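J.: Following this message is one structure expressed as structure tokens.
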Amino acid sequence: MLFTIVGKHIEVTEAFKAHARKKTSKLSKFYSSINQVEVIIDKEQGGNSLSVEIIARGEHSKVFIAKEVSEDAYQCIDVAVHKLERQLRRAKTRERNNKHTGSV
């Protein structure tokens, strides 16, 4: 799985990169066709709040996006990953329910 992290108006530390990689590495467990994860951290101008956006790309042009705004960067990552996990679980359930058995 390809992992990229980008910081806008903020420098991304190695500890934060490691935390983001650790949290997002679990996403493939919920939806196996995830092949790219991108984390974008943006510091709001003039304020202390941070915005974290996680974009997970899967096969067949499927894109899942989660965004969180908070003052704590680690909390933003945790909440955004939780939102993404929920989206992936829902998508996987829908795919499984759409499979039809042959007529008897």
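Where a number appears in this text, it was derived from the coordinates with a stated rule and is not lab data. In this text the structure is predicted, and so the values were computed from the model without any measurement. When we count neighbours, we look across all protein chains shown, and the Cβ atoms used for this are built from the backbone with ideal geometry, even at glycine.
J.: Going through the stretch 20-42 one residue at a time, which ones are crowded, with 17+ Cβ neighbours inside 10 Å and in contact with a helix residue (DSSP H, G or I) (Cβ under 6 Å, 6 or more places away or on another chain)?
T.: Ala20, Lys23, Phe30, Tyr31, Ile34, Val37, Val39, listed by residue number.
J.: Sticking with this structure for a sec: Name the pairs whose Cβ atoms lie under 7 Å apart, with the first residue in the stretch 72-88 and in contact (Cβ under 8 Å) with a residue 40 or more places away in the chain, the second surrounded by 22 or more Cβ atoms within 10 Å (Cβ to Cβ) and in a helix (DSSP H, G or I), and 6 or more positions between them or separate chains?
T.: Close Cβ pairs satisfying both conditions: Ile77/Ala20; Val81/Thr24.
J.: Report yes if some residue within the stretch 89-97 is surrounded by fewer than 13 Cβ atoms within 10 Å (Cβ to Cβ), of a type in the set (Asp, Glu) and at negative phi; otherwise report no.
T.: The answer is yes, given that some residue of the stretch 89-97 is surrounded by fewer than 13 Cβ atoms within 10 Å (Cβ to Cβ), of a type in the set (Asp, Glu) and at negative phi.
J.: I need the full set of residues from the stretch 46-60 which are of a type in the set (A, V, I, L, M, F, W, C) and surrounded by fewer than 17 Cβ atoms within 10 Å (Cβ to Cβ), in order please.
T.: Ile55
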